[in-house]
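Inspection log for the structure reproduced underneath, given as structure tokens.
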Amino acid sequence: MKKLLIFFILIFFPLLAGAQVAQKKAVYFYSETCPHCVRVNEYFQNNGLYDKYDIKKIEASDSQNFDLLNQYFDAYGVKAESRGYPVVFFDTKVIIGDQPIINNFVGEIEKVGATEFPTPETIKAALGEPAVPQDNAQPPANSIPIPLLIGAALADALNPCALAVLILLLATVMAAKGKNKALLSGLAFSFAIFSSYMMMGLGLYTAITAFSLPHYFSLVVAILAIVIGLANLKDVIWYGKVFIMEVPLSWRPKMQSILKKVTGPLGALGAGYLVSLFLVPCASGPYIVLLGKLAEKVSVTKTIPLLILYNLVFVLPMVIITLAMYFGSTRMGKLEEWRKNNLRLLHAITAGLMLFIGGYLLYYLK
């Protein structure tokens with residue numbers, strides 16, 4: 001009996017071991033704070049892929065692991081702007097991004113998956129030279145087109161209420177303290193709006209990603225962009241009817257009283273932070289649309305410079321008006337008159353930009 005048992009062990013153990021070795025392998029880089037990685041992990045778990053395949057999970061936030069991740073990217077010749085996680089590596093294939101992984105993982109591991117974990121060295125040996133990943137391995141959802149970002153920022157910047165606030169501030173300070181104080185006050189006010197919107201943007205981005213909401217925001221932000229565009233179009237045709245896409249009329253006396261008390265740069269800085277709250281209903285729609293797409297598509301390290309660019313464009317007209325007042329002969333009264341006479345034009349520009357953005361987002365909805 002013992003001999004028979006030994007015989008079966010000698011015959012079947014190597015077969016079982018061989019079957020275990022033959023299990024196809026892949027290397028998966030992720031981050032604990034990445035909502036896209038959460039989706040991939042749920043996909044792997046719900047479909048039993050961790051049991052079916054040997055998937056090596058590596059948390060990429062650690063500096064050593066991050067360096068290792070870049071070695072893998074280097075082996076494939078992936079450009080710096082296209083790198084990110086979640087990402088899965090095979091011997092001759094890389095898939096970047098949650099949806100590409102979900103759509104293509106099983107097919108690719110069955111086709112190219114190896115029985116040994118790929119390393120940067122084995123990848124280079126297999127490829128012969130660095131190769132750019134195929135289309136389905138590119139991370140199209142890992143960035144936001146810069147023209148889209150600038151378009152949303154311009155739609156925000158050209159909002160009539162944001163310009164009205166600055167004009168009132170400059171006129172008040174110039175009348176009380178002259179051009180020099182008005183220049184410093186205008187720049188301080190612009191900086192306050194910039195920094196306030198940066199903080200609000202980072203806060204909203206963090207909230208969306210913390211609750212893993214980006215996946216549901218994709219359609220919502222596209223619809224929101226179209227709604228904002230249509231609301232501004234309403235102000236082109238029926239200005240003042242039902243509602244206006246500006247600071248609510250009931251809020252304006254309080255906002256004006258705050259601005260009229262400003263007599264210098266320090267006061268302008270404080271007023272900027274307070275007034276930024278009044279601007280939220282009329283000048284935050286495009287910002288929310290952009291933040292929804294950033295939270296869905298872009299990591300926090302790439303989000304910060306994009307938010308900086310957005311808010312620089314947002315305050316640019318404020319800075320230009322301030323400088324025009326100081327260096328030129330521009331009078332605030334004439335500028336305010338021009339603004340009032342061109343309210344429909346400003347709303348039309350905003351409407352066009354937001355409808356374009358909404359249509360773009362719906363067309364490229366993933």
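The values are calculated or read from the model by the stated rules, or taken from the named source; none is laboratory data. Please read these numbers as outputs of a predicted model, since none were measured by experiment. Virtual Cβ from ideal backbone geometry, glycine too; neighbours counted across all protein chains shown.
Condition check ((1) modelled with pLDDT under 80; (2) over 27 Å from Pro120 (Cα atoms); (3) assigned by TED's automatic domain parsing to the domain that holds Lys93) across all residues:
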{"position": "Phe7", "(1), (2), (3)": "yes, yes, no"}
{"position": "Ile11", "(1), (2), (3)": "yes, yes, no"}
{"position": "Pro14", "(1), (2), (3)": "yes, yes, no"}
{"position": "Lys25", "(1), (2), (3)": "no, no, yes"}
{"position": "Ser31", "(1), (2), (3)": "no, no, yes"}
{"position": "Cys34", "(1), (2), (3)": "yes, no, yes"}
{"position": "Cys37", "(1), (2), (3)": "no, no, yes"}
{"position": "Val40", "(1), (2), (3)": "no, no, yes"}
{"position": "Phe44", "(1), (2), (3)": "no, no, yes"}
*Filter region 75-122 for residues that are exposed (fewer than 15 other Cβ atoms within 10 Å of the Cβ) and charged (D, E, K, R); which is farthest from Val38 (Cα to Cα)?*
Glu121
*asked:* Tell me yes or no: at least one residue of region 196-209 is at pLDDT below 70, part of a helix (DSSP H, G or I) and hydrophobic (A, V, I, L, M, F, W, C).
replied: yes
*Select from region 103-130 the residues that are at pLDDT below 70 and not in a helix (DSSP H, G or I) and list them in ascending order.*
Gly113, Ala114, Thr115, Gly128, Glu129, Pro130
*asked:* If I ask for residues that are modelled with pLDDT of 70 or more, closer than 27 Å to Phe356 by Cβ and not hydrophobic (A, V, I, L, M, F, W, C), which ones from region 160-195 would you list?
replied: Ser190
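Residue under question is Gly18, and the condition is that it be modelled with pLDDT of 85 or more and surrounded by fewer than 18 Cβ atoms within 10 Å (Cβ to Cβ); does it hold? Working first, answer last.
On the way: modelled with pLDDT of 85 or more: no; surrounded by fewer than 18 Cβ atoms within 10 Å (Cβ to Cβ): yes.
Here the answer is no, as Gly18 does not meet what is asked.
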*Give the residue, chosen from Gly333, Gly352, that is small (Gly, Ala, Ser), in a helix (DSSP H, G or I) and modelled with pLDDT of 75 or more.*
Gly352
